Amino acid sequence: MPSETLWEIATAEVEKRGSNGSEGNGVETGEKSVFFIGSKNGGKTTIILRCLDRDEPPKPTLALEYTYGRRAKGHNIPKDIAHFWELGGGTSLLDLISIPITSDTLRTFSIVLVLDLSKPNDLWPTMENLLQATKLHVDKVMMKLGKKNAKAVSEMRQKIWSNMQKDHPDRELIDPFPIPLVIIGSKYDIFQDFDSEKRKVICKTLRFVAHYYGASLMFTSKSEALLLKIRGVINQLAFGIDKSKSTCVDQNKPLFVTAGLDSLSQIGSPPVPDNDIGKFHAHSPMELWKKVYEKLFPPKSVNTLKDVKDPARDPQYAESEVDEMRIQKDQELEQYKRSSSKSWKQIELGS
């Protein structure tokens, strides 16, 4: 009997978790899921490996990958389990977002958005596309879950708002992400050499976006000290360890802002002269920040799909019988294309 693949094991684990508590009263179990999305080659795999204490070189993530970690709670107490999912390809594989986020996993799910600070022109479109696609799917799953377990959905919404004090002046001005969200700016070692004004715009913009979505924000690099801080934040998501209350909003240092501890008054207005703000014709604060940001860092109009490597042609997934059949089918397809083209030419000549 053939051995199970990693994908089959992961699927069985998700189904097992669903059968063990999907119809419960909303109380969290000892299992949590963390979904890493973000910039292509932005360092998502490196962060996951560091969090799991795995000393191995990161490999490119081709599509959607899964791994897990365990943490002991005490003697004779079952270990907590954290499920780590990672979406590869930047914004080119948005359809795969629906695979790990289900009504069975949603209550213990968190999102980590990793943005490459060294590529500021790609930053906003990457962030916007990934967050919009994720939120759209989460909203659908919450609606489905709410029909079966309204109490669980209500508790999820209350938990998201609990990060912000009831008397916070911005409570009516923000729209928290429906599940816990952490935004990580990677490659700070490159970013810190940027022009001061550019760093200011990027820092203020990311602070606004994080605060608007009720998310935590932090920068990291290859620095061991920064990686340890990131590891602490991820461990909080994965294992429920107490989160840090520290804050650093100095644009000359790596940002570190815990959800609910920033404010619009501290962030300030978009970095543009007051008499020019009206020229952007924005319909919302988010749209205004987007237009101001993209004026300095215009997005590159590239096809996000063209850089995605085809897993079917990757040597590490070679299967001789399958590959031979693939070659045969490719040849048949090319022959069909040529014969079809020839037929159309004959029809045109005949007409």
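Residues considered: LYS147, LYS151, LYS135. Of these, the only one that is among the charged types (D, E, K, R) and under 20 Å from PRO285 (Cβ atoms) is LYS135. Test SER162 against the criterion of being of a type in the set (Gly, Ala, Ser), under 18 Å from ILE267 (Cα atoms) and at pLDDT below 95, and give yes or no. Considered against the rule, which asks whether it is of a type in the set (Gly, Ala, Ser), under 18 Å from ILE267 (Cα atoms) and at pLDDT below 95, SER162 comes out as no.
For every residue, the table says whether it meets (1) open to solvent by 80 Å² or more (accessible area, probe 1.4 Å); (2) under 26 Å from TRP124 (Cα atoms).
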| residue | (1), (2) |
| --- | --- |
| ALA150 | no, no |
| SER154 | no, no |
| GLN158 | yes, no |
| TRP161 | yes, yes |
| GLU172 | yes, yes |
| TYR188 | no, yes |
| PHE194 | no, yes |
| CYS203 | no, yes |
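Within segment 197-208, is even one residue among the aliphatic types (A, V, I, L, M) and either more than 13 Å from ASP262 (Cα to Cα) or touching a Ser or Thr at 6+ places or on another chain (Cβ under 6 Å) (or both)? Yes, segment 197-208 contains a residue that is among the aliphatic types (A, V, I, L, M) and either more than 13 Å from ASP262 (Cα to Cα) or touching a Ser or Thr at 6+ places or on another chain (Cβ under 6 Å) (or both). Could you grab me the full set of residues in segment 43-57 that are open to solvent by 30 Å² or more (accessible area, probe 1.4 Å), farther than 17 Å from LEU115 by Cα and touching a residue at least 12 places away in the same chain (Cβ under 8 Å)? Result: ARG50, LEU52.
Being aliphatic (A, V, I, L, M) and outside any loop (DSSP other than H, G, I, E, B) is the filter; apply it to segment 56-88 and report the residue that is modelled with the highest pLDDT. Among those residues, the one meeting the criterion is LEU87. On the stretch given as segment 122-135, residues that are open to solvent by 40 Å² or more (accessible area, probe 1.4 Å) and either touching a residue at least 12 places away in the same chain (Cβ under 8 Å) or in contact with a Ser or Thr (Cβ under 6 Å, 6 or more places away or on another chain) (or both) total 4.
Within segment 75-110, how many residues turn out to be open to solvent by 10 Å² or more (accessible area, probe 1.4 Å), touching a residue at least 60 places away in the same chain (Cβ under 8 Å), of a type outside the set (Lys, Arg) and out of contact with any Pro (no Cβ under 9 Å at 6 or more places or on another chain)? Final tally of qualifying residues: 8. Could you tell me whether segment 213-231 includes any residue that is open to solvent by 30 Å² or more (accessible area, probe 1.4 Å) and either of a type in the set (Ser, Thr, Tyr) or closer than 21 Å to MET286 by Cβ (or both)? Scanning segment 213-231 turns up at least one residue that is open to solvent by 30 Å² or more (accessible area, probe 1.4 Å) and either of a type in the set (Ser, Thr, Tyr) or closer than 21 Å to MET286 by Cβ (or both). Does ILE179 count as surrounded by 13 or more Cβ atoms within 10 Å (Cβ to Cβ), in a loop (DSSP other than H, G, I, E, B), in contact with a helix residue (DSSP H, G or I) (Cβ under 8 Å, 6 or more places away or on another chain) and aliphatic (A, V, I, L, M)? So ILE179 passes the test.
Residue by residue through segment 115-152, note down the ones that are among the acidic types (Asp, Glu) and not in a helix (DSSP H, G or I). Passing the criteria: only ASP116.
The values are calculated or read from the model by the stated rules, or taken from the named source; none is laboratory data. Predicted, not measured: the structure shown is a model, and the values here were computed from it. Neighbour counts run over all protein chains shown; Cβ positions are idealised from the backbone, glycine included. Remember, those area values only see protein heavy atoms, side chains included, never the ligands or the DNA or RNA. Shrake-Rupley method; radii C 1.70, N 1.55, O 1.52, S 1.80 Å.
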